[in-house]
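The values are calculated or read from the model by the stated rules, or taken from the named source; none is laboratory data. Small disclaimer: the values here were computed from a predicted structure and weren't measured. Note: ideal-geometry Cβ built from the backbone for every residue, glycine included; neighbour counts use all protein chains shown. In case anyone asks, the SASA skips ligands and DNA or RNA and just uses the protein heavy atoms, side chains included. Shrake-Rupley method; radii C 1.70, N 1.55, O 1.52, S 1.80 Å.
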Amino acid sequence: MRPPLDVRQAYLDFFASKGHEVIASAPLVPDDATLLFNNAGMVPFKSIFTGEIPVPANPTVTTCQTCIRAGGKHNDLENVGHTARHHTFFEMLGNFSFGDYFKVQAIDYAWEFVTQVLKLPVDKLWVTVHESDDEAEELWQKHVAKERIMRLGDKDNFWQMGDTGPCGPCSEIFFDQGADNFSGPEDYMGGDGDRFLEIWNLVFMQYERDKAGVLHPLPKPSIDTGMGLERVTAVYEGKLSNYDTQLFMPVIHAVEKLTGKPYVYAQGASYRVIADHIRTVVFLLAQDVTFDREGRGYVLRRILRRAVRHGYLLGLEAPFMHTLVDTLIEGMRGTYGYLVQKRDAIKTQILLEEERFYRTIASGIALFNEELAQTKGAFSGEVAFKLYDTYGFPLDLTEDMLKEKNVAIDTDTFERLMQEQKKRAKAAWKGSGDAINEGDFKALLEKYGKNSFVGYTTTKAEGKMLAILSDDFRIIDELHAQHEGWVLLERTPFYAQSGGQIGDTGVLDGLAIVTDTQKFHDLILSKVKAIDTLRAGNRVIATVDSARAEIAKHHSATHLLHAVLFEELGSHIAQAGSANDAKRLRFDFSHPKALSEHELAIIEERVNARIVEAIEANTQEMAIEEAKKSGAKAQFGEKYGNSVRVVRFGNASTELCGGTHVSNTADIGMFIIVKESGVSAGVRRIEAVVGKEAYNYLKAQRHELESIKAALKNPEPLIAIKKLQEQIKELKNEVVAAQNATKESIEGTLHNGVMIFVEEITAGDIKERIDELKNAHEKVAAMLFQVKEDKVLIAAGIKNCEAKAGDWIKVIAPILGGGGGGRADFAQAGGKDASALPTAKTQALEYIQGVLG
């Protein structure tokens, strides 16, 4: 039995002792736009390996990188829980040399760590090298007998980042798990069995591959290594499955306690799915990814719902994933302290999402089982889509359920229905036009290049109208009066919609009205309605509408609001969307619950305090890395170049932003929150007004208050309202007393031991009368009708008998031209045809007598 060891920390400490700088794990959401998540240890250093950014001062670093493989090309989701080593979330240990040490040290360090720190038995270790790498084989022979070194080809032992770029041979260390445990036909060194387990991959990045496929030696070769923490921990602890290690068993034990059932490995796939998925969910939420219907947020939702469904299989029919958060964080807090800070928000967001899914899971599984019973070939794609669209079952969850039954799914039909839904959504979307691809954009770019935006410093600019486009983005020579099209100005003061700020409007000196401005493929185009004929090549004076000033006020206020939310509510606050125009601002942000009136009052007060401070705006162009180091907030999803614009309001706010802003916070005037609401699970929205609109809002409020005073005939409306409330209370009591004094008697009949009441009453509350009848009798079936103006009110009540009020009322309400429903013990409905009341009463009596026998 080996002594307990924190393998993660031991690895980092070892390489720190060799002069490596210990680098914290990069975020799971990468800067690399080609990746959904960081899925390998080297991803954060890709720009260094490709030469896009300089080598750091210390060219040797070590990390433990958090990674996710659960979407896109790298997707291990369907295997999780069913194999010993697949995970959606994992940690990759790595040591890197950027043009510093090479094969000698890389091999020596690896051997020393494996044999001296982990103390793995030498007779269990094997090594592979590339078939052409004589140097590596010779270096390994210092440590390993030659017969334990195997040469393999490109498929196994050559690594490359892409079709071109840095690449090189690699060398892998394998651990023999023993013939006693694995004795299949593939369990030999180099086979596909599990006996010989790869634990460490050393990549010798020594070539550059050109477009012709030719390899050129790099002047300064580099090292990139990767060792999965979960896998090496299992080897160190002598476990045959990663899930049997200290990294997973605490969560599995917690699930055992929840279910009251012992974990048995052979039947424990659901336990392992939950233990894996809680890690992914917690880390993504901690890093400000929120549950959503698309993108990374949808991957997060799919993973949580898959875990919930496996809990359901274990008999957990109420939310439970949020209860596992503390157990997971307890084992991770030493390395990832931010999990502790965000613990409460994480638990709340998980609970909200669980509750949402649990409301539909039973109905969804019932529909699934009903269809499965009728399935003879492939499972219906239409039903799979209904499970997705109505019940919230991601497709891969349905596929997972079918996999257990060895049933395929009609994915073609599912995808067709999904595409049809997307087309409907697209047709209904009033967007910015960012998705427009068809048009003469390429010709414009080749002829003119990008046009320049001068609107930061002026709202009026003279210049040439380079091109005119029709409404469908085709180049035309001229645009006639009263027609609409687009213009490409050489120098434009009009801001193109982006970053939440609406596109500018304005005029072209009497020739056209500018109704919108958008950016298409880096071209700033303004939509126009011609007043007179427009001709390409003519010079024009472009003037931005005065509404720009109000837009800028709302945009700057959004920055202040973002900063205040972060300060007041916590570091979990992340922007999830925004919109700024001349009339209002809208800001969406990650937060687990609705804001209280007190919180909203404080936020409003703090933003106004920043406005009153009259803080000067400072804008700077700087390198993206320099901007991030300055503390500027960058918004996920925004595209930033190497040089970015940083907008700073003193110590109050610093953000990367290409929008237009006030020169001083005092220009904003006043900030008023008009609404707070929910957008989706874990995302809230604040709507507010500033400047002229804040004044208009207050003016409208004052007018409304004066109207209330006039209606109440009292300059003190609260006093008048209180008096009215007291009068209403007195009148209600008088009405109740009068009703009780003149209360109609309701005659009933006894049928098989049940008192049946089917009557029309002219006054009183029919629900209260139903309750009185139920309180007065042991067994009751009552349906009462009441005509009010041109409508018929219906109420039904059942007590201690074999009938359901909801079913009864669904039969009778249509006779009166209405509908309704309710519970088994009480239901309500409304009708429109009072003339049918005699028929309804007769059939109501016949129905209930038939049900009661």
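Say each of ASN733 and THR842 gets a label point 7 Å from the Cα, pointing the same way as Cα to Cβ; how far apart are those two points in nm?
4.7
Using a simple charge model, +1 on the beta-carbon of Lys and Arg, -1 on the beta-carbon of Asp and Glu, nothing else, what dipole does the chain show about its Cα centre, in debye to the nearest 20?
Numbers: 99 positive and 120 negative charges, 356 e Å.
Approximately 1700 debye in magnitude.
Ranked from highest to lowest mean number of other Cβ atoms within 10 Å per residue, what is the order of the peptides 556-569, 247-260? Spell out each step's value before the answer.
Values: 556-569: 22.6, 247-260: 17.8.
Result, highest mean Cβ count within 10 Å first: 556-569, 247-260.
Measuring from a point 7 Å past the Cα of LEU372 along Cα-to-C-beta, which residues in segment 386-411 have an amide N at less than 16 Å?
Correct set: 387-388, 393-410.
How much length is gained if the chain between ALA720 and LYS791 is pulled fully straight, taking 0.36 nm per residue apart and subtracting their Cα-Cα distance, in nm to one decimal? Provide the component values of the computation, followed by the final result.
Numbers: separation 71, 0.36 × 71 = 25.56 nm, distance 3.42 nm.
In short, 22.1 nm is gained.
Take ALA614 and ASP123, extend 7 Å from each Cα along the Cα→Cβ direction, and tell me the distance between the two endpoints in nm.
It is 8.5 nm.
Counting pairwise Cα distances across segment 668-723, what percent come out greater than 16 angstrom?
60
Looking at the square roots a ≥ b ≥ c of the eigenvalues of the Cα gyration tensor of segment 767-819, which shape do they give, rounded for a/c under 1.5, prolate if a/b is larger than b/c, or oblate?
Details: a/c = 4.05, a/b = 1.51, b/c = 2.68.
Here segment 767-819 falls in the oblate category.
GLN421 to GLU355: FRET efficiency via 1/(1 + (r/R0)^6), r the Cβ-Cβ distance, R0 25 Å, to the nearest 0.05?
On the way: r = 25 Å, r/R0 = 1.01.
According to the calculation, E is roughly 0.50.
Give the Kirkwood hydrodynamic radius (Å, one decimal) of segment 75-159, defined as one over the mean of 1/r across all pairs of different Cα atoms. List each step's numbers first, then the result.
Numbers: mean 1/r = 0.0656 Å⁻¹.
15.2 Å is the Kirkwood radius here.
For segment 471-616, which whole percent of the accessible surface, found with a 1.4 angstrom probe, sits on carbon and sulfur atoms? It would help to have the intermediate numbers written out before the result.
Details: 2940 of 6040 Å².
Heavy-atom surface of segment 471-616 belonging to carbon and sulfur, 1.4 Å probe: 49 percent.
Can you compute log10 of I(q)/I(0) for segment 158-250 with the Debye formula, treating each Cα as one identical point scatterer, at q = 0.17 Å⁻¹?
-0.81
Please work out the FRET efficiency for the pair ARG333 and MET161, using the Cβ-Cβ distance as r and a Förster radius of 30 Å; give the result to the nearest 0.05.
Values: r = 34 Å, r/R0 = 1.15.
Working from the Cβ atoms, E equals 0.30.
Mind giving me the nanometre distance, one decimal, between the label points for ALA145 and SER663, set 7 Å out from Cα along Cα→Cβ?
Here the answer is 8.3 nm between the modelled labels.
Rounded, prolate or oblate, given the Cα gyration tensor of the chain, with a/c below 1.5 counting as rounded? Kindly include the intermediate steps, with their values, before the conclusion.
Details: a/c = 2.15, a/b = 1.28, b/c = 1.69.
Oblate shape, in that a/c is at least 1.5 and b/c is the bigger or equal ratio.
Could you give P(r) for segment 730-774, binned at 10 Å from zero, as whole percent values over all Cα-Cα pairs?
Spelled out bin by bin, segment 730-774 gives 24, 49, 20, 7, 1 percent.
Starting from the Cα-Cα distance between ASP509 and LYS257, subtract it from 0.36 nm times their residue separation and give me the gain in nm to one decimal. All intermediate terms of the calculation are to be shown ahead of the outcome.
Details: separation 252, 0.36 × 252 = 90.72 nm, distance 7.53 nm.
So the chain would gain 83.2 nm between ASP509 and LYS257.
With a 1.4 Å probe and every protein chain left in place, work out the accessible area per residue of the chain in Å², rounded to a whole number.
Values: 41130 Å² over 853 residues.
That works out to 48 Å² per residue.
State, as an integer percentage, the relative contact order of the chain based on alpha-carbon contacts under 8 Å between residues 6 or more apart.
6 percent.
Which of the peptides 196-207, 40-51, 400-411 is most tightly packed, and how do the rest follow, going by the mean number of other Cβ atoms within 10 Å of each residue? Each step should come with its number before you reach the end.
Details: 196-207: 22.0, 40-51: 18.7, 400-411: 14.9.
Ranked from most to least packed, the peptides come out as 196-207, 40-51, 400-411.
Taking the Cβ-Cβ separation of TYR188 and ALA24 as r and a Förster radius of 41 Å, what is the calculated FRET efficiency to the nearest 0.05?
Details: r = 40 Å, r/R0 = 0.98.
Taking R0 as 41 Å, the efficiency between TYR188 and ALA24 is 0.55.
Heavy atoms only, probe 1.4 Å: what % of the accessible area of segment 40-190 goes to carbon and sulfur, would you let me know? Let's see the in-between values first.
On the way: 3090 of 6520 Å².
Exposed carbon and sulfur together represent 47 percent of the surface.
Given THR83, MET783, ILE223, which one lies farthest toward the positive end of the charge dipole of the chain, if we put +1 on the Cβ of every Lys and Arg and -1 on the Cβ of every Asp and Glu?
So the residue furthest toward the plus end is MET783.
Express the C-alpha Rg of segment 198-314 as a ratio against the empirical globular expectation 2.2 N^0.38 Å, rounded to two decimals. Each step should come with its number before you reach the end.
Working: Rg = 20.1 Å, N = 117, 2.2 N^0.38 = 13.4 Å.
Here the answer is 1.50, to two decimals.
Provide the packing ranking of 16-27, 117-128, 342-353, i.e. peptides ordered by the mean count of other C-beta atoms within 10 Å per residue, highest first. Numbers along the way, then the final one.
On the way: 16-27: 14.8, 117-128: 16.5, 342-353: 20.8.
Highest to lowest by the protection proxy: 342-353, 117-128, 16-27.
If a/c stays under 1.5 just call it rounded; otherwise compare a/b with b/c (prolate if a/b is bigger, oblate if not). Do that for segment 811-853, with a ≥ b ≥ c from the square roots of the Cα gyration tensor eigenvalues. Don't jump to the answer; show the numbers that get you there.
Details: a/c = 3.03, a/b = 1.19, b/c = 2.56.
Oblate.
Once fully extended, how much extra length lies between ALA212 and THR50, figured as 0.36 nm per residue of separation less the alpha-carbon to alpha-carbon distance? Walk me through the numbers on the way to the answer.
Working: separation 162, 0.36 × 162 = 58.32 nm, distance 1.79 nm.
Gain on extension, ALA212 to THR50, equals 56.5 nm.
Give the ranking of LYS211, LYS527, LYS450 by solvent-accessible surface, highest area first, calculated with a 1.4 Å probe. Each step should come with its number before you reach the end.
Numbers: LYS211 200, LYS527 50, LYS450 140 Å².
Result, largest first: LYS211, LYS450, LYS527.
Can you find, among SER556, VAL264, PHE441, the residue sitting farthest towards the positive end of the charge dipole of the chain, where Lys and Arg contribute +1 and Asp and Glu -1 at Cβ?
Of the listed residues, the answer is SER556.
Could you tell me the largest-minus-smallest coordinate of the C-alpha atoms of segment 292-351 on each of the three principal axes, in descending order and whole angstroms?
That gives 33, 29, 17 Å along the principal axes, largest extent first.
Tell me the Kirkwood radius of segment 277-395: reciprocal of the mean inverse pair distance over distinct alpha-carbon atoms, in Å. Kindly include the intermediate steps, with their values, before the conclusion.
On the way: mean 1/r = 0.0655 Å⁻¹.
Averaging 1/r across every pair of different Cα atoms and inverting gives 15.3 Å.
What is the ratio of the Cα radius of gyration of segment 102-210 to 2.2 N^0.38 Å, with N the residue count, to two decimals?
Numbers: Rg = 14.3 Å, N = 109, 2.2 N^0.38 = 13.1 Å.
In units of the globular-protein estimate, segment 102-210 measures up at 1.10.
Positive end of the charge dipole of segment 729-853 (Lys, Arg +1 and Asp, Glu -1 on Cβ, about the Cα centre): tell me which of VAL758, LEU731, ALA824 has its Cα farthest that way.
ALA824
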